[in-house]
Amino acid sequence: MRCPACYHEETKVVDSRTGADDISIRRRRECLKCGFRFSTQEEVVILDLTVIKKDGHKESYSREKLQGGLKKALEKRPISRDDFLKLVNNIERDIQVRSKGNEISTVQIGELVMKRLKKVDKIGFIRFASVYQSFKDAKAFQQELGKLLGKD
């Protein structure tokens, strides 16, 4: 890890702790040359995962796409940044476990997102489900809403 003050390559870890999301790690570091102290944040990154789209074509997994869909669903909802990051990390962990041979379908990802989102914010869940499931009419939307309300 390079020191941001003097750009020296050698630093030592002074303190390590789990981040607020229980998935990332925050490390306090010190430069061995100049003594400057700084913090770094480390998180798990899904690598080499291929997503199979509904039309059959494949593309690389994109965390930004997942975050974008969740941000739209949770727009103007009372969810903290830490809770949002924890949600994203939990979904990615589910994706990693569910993927077979480094491939996963968008259908499987959508199901994992809805499962996690339902626990975090029911309005966000309905917003996401309305786009993901492409409700054909108000009755289909009402049925999903009924399922959600029936489980409370």
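The values are calculated or read from the model by the stated rules, or taken from the named source; none is laboratory data. Predicted, not measured: the structure shown is a model, and the values here were computed from it. Because the Cβ atoms are built from the backbone with ideal geometry, glycine has one as well, and the counts that use them run over all protein chains shown. Quick note on the areas: whole protein, heavy atoms, side chains included, nothing else; ligands and nucleic acids left out. Shrake-Rupley method; radii C 1.70, N 1.55, O 1.52, S 1.80 Å.
Could we say that Glu64 is under 30 Å from Arg27 (Cα atoms) and either touching a Leu at 6+ places or on another chain (Cβ under 9 Å) or assigned to a loop (DSSP other than H, G, I, E, B) (or both) here?
Details: under 30 Å from Arg27 (Cα atoms): yes; either touching a Leu at 6+ places or on another chain (Cβ under 9 Å) or assigned to a loop (DSSP other than H, G, I, E, B) (or both): no.
In short, no.
Which pairs do you get when a residue that is farther than 18 Å from Val113 by Cα, found in the stretch 52-67, comes within reach of a residue that is basic (Lys, Arg), reach meaning Cβ atoms under 7 angstrom, with the pair 6+ apart or on two chains? If the second residue must be basic (Lys, Arg), the pairs left are Glu59/Lys53.
State all residues of the stretch 42-61 that are loosely packed, with under 10 Cβ neighbours inside 10 Å and at pLDDT below 90; if no residue qualifies, say none. Passing the criteria: Val45, Leu47, Asp48, Lys54. If the condition is being within 20 Å of Gly56 (Cα to Cα) and open to solvent by less than 60 Å² (accessible area, probe 1.4 Å), then the stretch 87-106 contributes Ile95, Ser99, Ile104, Ser105, Thr106. Report yes if Gly35 is modelled with pLDDT of 95 or more, among the small types (Gly, Ala, Ser) and surrounded by fewer than 14 Cβ atoms within 10 Å (Cβ to Cβ), otherwise no. Criteria met by Gly35. Name the residue that is farthest from Ile109 (Cα to Cα), counting only residues in the stretch 62-78 that are of a type outside the set (S, T, N, Q) and open to solvent by less than 40 Å² (accessible area, probe 1.4 Å). Checked the stretch 62-78; the qualifying residue farthest from Ile109 (Cα to Cα) is Leu74. Is it the case, given these coordinates, that Asp83 is surrounded by 11 or more Cβ atoms within 10 Å (Cβ to Cβ) and either assigned to a loop (DSSP other than H, G, I, E, B) or not hydroxyl-bearing (Ser, Thr, Tyr) (or both)? Yes; evaluated as a whole, the condition is true for this residue.
If you check Gln143, Gln41, Gln108, which single one turns out to be free of Cβ contacts under 8 Å to residues at least 60 places away in the same chain, not in a helix (DSSP H, G or I) and not basic (Lys, Arg)? Please lay out each step first, then the result.
On the way: Gln143 fails: not in a helix (DSSP H, G or I); Gln108 fails: not in a helix (DSSP H, G or I).
Just one listed residue meets the conditions, Gln41.
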